[in-house]
1. Under a point spin-label approximation (7 Å from Cα along Cα-to-Cβ), what is the T152-T330 distance to one decimal in nm?
2. Shape of region 165-209 from its Cα gyration tensor (a ≥ b ≥ c, root eigenvalues): rounded if a/c is under 1.5, otherwise prolate when a/b > b/c, or oblate?
3. What is the gain in length, in nm to one decimal, between V301 and S178 on full extension, counting 0.36 nm per residue of separation less the C-alpha to C-alpha distance?
4. Can you give me the Kirkwood hydrodynamic radius for region 453-529, using every pair of distinct Cα atoms, in Å to one decimal?
5. Neighbouring Cβ atoms within 10 Å as the yardstick, rank F345, F310, F154 fewest first.
6. Relative to the longest principal axis of the C-alpha atoms of the chain, give the angle of the C-alpha long axis of helix 107-119, reported between 0 and 90° and rounded to the nearest 10°.
7. Run through the DSSP bridge list for the chain and note the antiparallel percent, rounded to the nearest 5.
8. Could you order the peptides 330-336, 282-288, 111-117 from most to least packed, using the average number of other C-beta atoms within 10 Å per residue?
Amino acid sequence: MTRSPAYGPGSSDSPAHRCRALDSPAPRPGSLNAAQRQRSLDQLARRPMVDVLVVGGGVTGTGIALDAASRGLSVLLAERKDLAFGTSRWSSKLVHGGLRYLASGDVAIAYESARERGLLMSRTAPHLVHALPMVLPVHQEVGHLRAATTRTAFLLGDALRLAAGAGARTLPSSRRISAALTLALAPALRPAGLRGGQLSYDGQLADDARLVVALARTAAAYGAHVVTRCGAVELTGNAAVLRDELSGETLEMGARCVINATGVWADTLAPGVRLRPSRGTHIVLPASALGHPRAALTVPVPGETNRFVFALPQPDGRIYAGLTDEPLDTPVPDVPEAPEHDIVFLLEVLSRVLATPLGRDDVIGAFAGLRPLLDSGTGRSADLSRRHAVLTSADGVITAVGGKLTTYRAMAEDAVDAGVARAGLSAGPCRTRSLPLIGAAPRGRPGAMNVPPRLIARYGSEAGAVMAEAAHDPALLDPVAAGVTGAELRWAVRHEGALDEADVLDRRTRIGLVPGDRERALPAARAALGN
């Protein structure tokens, strides 16, 4: 390893040095922190060879790392920035059953989505995913044929859910509802001409970034090295040059299998891969702007058969409304911005069904993510397939790309299968269909813990341990912003690999989505980091 003249891990200027995680927190399965990161780098410098090197720390990369590690393979996951830094934290937070894919006739991907949703809700992460009621209002201007077609689609979705093995205990069946019940669930709807609604259910994540962190920690519990702030400079099918972004040091790694899981940046490491990123924008609204709804709102995009705008209530009193599907016409940025015309589009589509139209002043935040879609060479980005692909370049680098958050596990299984076959690795069978993530507990039975339901929904069986971070300072149980407590910020640093303020506020929690909340929480984040 070659040390840069810039600061090293022991320098007082290093984020890893400033992080209190170096104070050796009590060990827990899969804990990630600055001390663990340095131990991994030291071990890899002494023995720079693994079975599987995964580049990219989003939901796909962490899913691949867990799949490989749980098969008994040695694994290094290297992420240039932070866990869930890219697309994985910008989703709608839906674990989608694939209804829109039925509308476009893609039954296979709809079935895969329904199956993977069922696994997440019943086995993999039942503490992070819950059933979300969703209402599609039917006003008089919606023709009877369109209403009947929509009802048929919901019935097909129910059939797919049952075929995928998810019964009514996981998700209730869809049904028609009266205008009165529709308004009770979504009070902001325009009552004039409302004939009723379609009530269906889908899965909702407490937080998509929390799913990624849980995957990474579970992979670490199975022995994987998880190293953030570690970028890939060069890749081949059996080696890589990595750079520690904190110290500037480089590490030459050997690997029997190299998997590129960098999402919208995949073509920079595998030039033969052709991507056509699509931007999905969401706006953040206060729940009061939609009358504190008890269900999500589904609004068809005019002139489209398989596109909708969703208004999705969140546990923190906010609503995420989205999303757009527009081609990216600029170089891929680290953090996409939500353009004004996307925000206006979302407000206009939602306002079509509301009694009082939404205004720009109702928007308290916005975010955008980029879908890593494979370029088919024709058609709009909205029409490109959401199927994932596992591609092998001429030099042997395996690239996993496409797909979507709900089906990350199937994508990871396919990628590891391809790597095992290509490298002739001795590995066990895939275990992730029945492997629970750290914190997983059956909904309603997270253990004998006298802790707030909000913490159980985010941390599952570890909620009590999160509260214990305040054992010597009860003030850490006070909310700092958006309901998030100081104990959670401390937990993020000591056990979830947060190295700086952005890690804590923008990914381990969602405080940063609203600028005012972020400003209020900044002192607490600095205190958790030891600044």
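Just so it is clear, none of the values below were taken in a lab; they were calculated from the coordinates. Computed from a predicted model, the values in this text were never measured in an experiment. When we count neighbours, we look across all protein chains shown, and the Cβ atoms used for this are built from the backbone with ideal geometry, even at glycine.
1. Distance between the two pseudo-spin positions: 4.3 nm.
2. In terms of gyration-tensor shape, oblate.
3. Here the answer is 42.0 nm.
4. 12.1
5. F345, F154, F310
6. The angle comes out near 70 degrees.
7. Looking only at bridges with both residues in the chain, the antiparallel portion is about 75 percent.
8. Ranked by mean Cβ neighbours within 10 Å, highest first: 111-117, 282-288, 330-336.
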